[in-house]
Amino acid sequence: MIPREDFIFTIGYDGPVAIVDGQAKRTFGNLSTKALAEVGLFRAAYSSALHSGSPEELDAVVAAYNKASGSTLTRESPLSRLFGVLPLEVAKFKVL
């Protein structure tokens, strides 16, 4: 399984290698899903909720996003498309 901090701060891919935002990982890597959403890092919070597999965490991210944006999204909304996150298995990570 992909380490949580690497998955939530992956910003792209170079072939089979995931590119990770090292500064964000160092600064925010220890925050919980809810804390990430509270500071406005919705993409990272959504990635964290996906990684955990917890419906409660996903609901918390959706609620925080709706509050901040005035949206009415639900857990069934196309959130992966909105945040540009798909859970992929990769073997290597490059931290920038």
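Since every read-out is calculated from the coordinates, none of them should be taken as a lab result. What you are looking at is a predicted structure, and each value in this text was computed from that prediction instead of being measured. Reconstructed Cβ throughout: ideal geometry from the backbone, glycine too, with neighbour counts over all protein chains shown.
Residue 40 passes all but one of (1) touching a residue at least 12 places away in the same chain (Cβ under 8 Å); (2) not in a loop (DSSP other than H, G, I, E, B); which number fails?
Residue 40 satisfies every listed condition except (2).
Which residue pairs have Cβ atoms closer than 8 Å, lie 6 or more positions apart in sequence or on different chains, and pair a first residue in the range 68-85 that is closer than 20 Å to residue 35 by Cα with a second residue that is loosely packed, with under 14 Cβ neighbours inside 10 Å?
68/40; 75/55; 75/59; 80/86
If a residue has to be surrounded by fewer than 13 Cβ atoms within 10 Å (Cβ to Cβ) and assigned to a helix (DSSP H, G or I) to count, how many in the range 43-62 make the cut? Spell out the reasoning first.
Looking only at the range 43-62, we keep the residues that are surrounded by fewer than 13 Cβ atoms within 10 Å (Cβ to Cβ), and these are 53, 55-56.
Remaining after also requiring assigned to a helix (DSSP H, G or I): 55-56.
Looking only at that region, the number is 2.
Looking at the range 27-37, which of its residues are among the polar types (S, T, N, Q) and either surrounded by fewer than 21 Cβ atoms within 10 Å (Cβ to Cβ) or outside any helix (DSSP H, G or I) (or both)?
27, 30, 32
Scan 44, 37, 64, 60 and give me the residue that is of a type outside the set (S, T, N, Q) and within 15 Å of residue 6 (Cα to Cα).
Details: 37 fails: within 15 Å of residue 6 (Cα to Cα); 64 fails: within 15 Å of residue 6 (Cα to Cα); 60 fails: within 15 Å of residue 6 (Cα to Cα).
Checking each option against the conditions leaves just 44.
Within the range 63-79, how many residues are touching a Phe, Trp or Tyr at 6+ places or on another chain (Cβ under 8 Å) and either assigned to a loop (DSSP other than H, G, I, E, B) or under 20 Å from residue 17 (Cα atoms) (or both)? Spell out the reasoning first.
Taking the range 63-79 as the starting set, the residues that turn out to be touching a Phe, Trp or Tyr at 6+ places or on another chain (Cβ under 8 Å) are 64-65, 68, 71, 73, 79.
Then keep just the ones that are either assigned to a loop (DSSP other than H, G, I, E, B) or under 20 Å from residue 17 (Cα atoms) (or both); that gives 71, 73.
Number of matching residues: 2.
Quick check on the range 67-91: of everything there that is in contact with a Pro (Cβ under 9 Å, 6 or more places away or on another chain) and surrounded by 10 or more Cβ atoms within 10 Å (Cβ to Cβ), which residue is nearest to residue 7 (Cα to Cα)? Full working, then the answer.
Of the residues in the range 67-91, the ones in contact with a Pro (Cβ under 9 Å, 6 or more places away or on another chain) are 75, 80, 90-91.
Imposing the further condition that a residue be surrounded by 10 or more Cβ atoms within 10 Å (Cβ to Cβ) reduces the set to 75, 80, 90.
Values: 75: 20, 80: 14, 90: 10 Å.
Step by step, filter the range 67-91, then rank; the result is 90.
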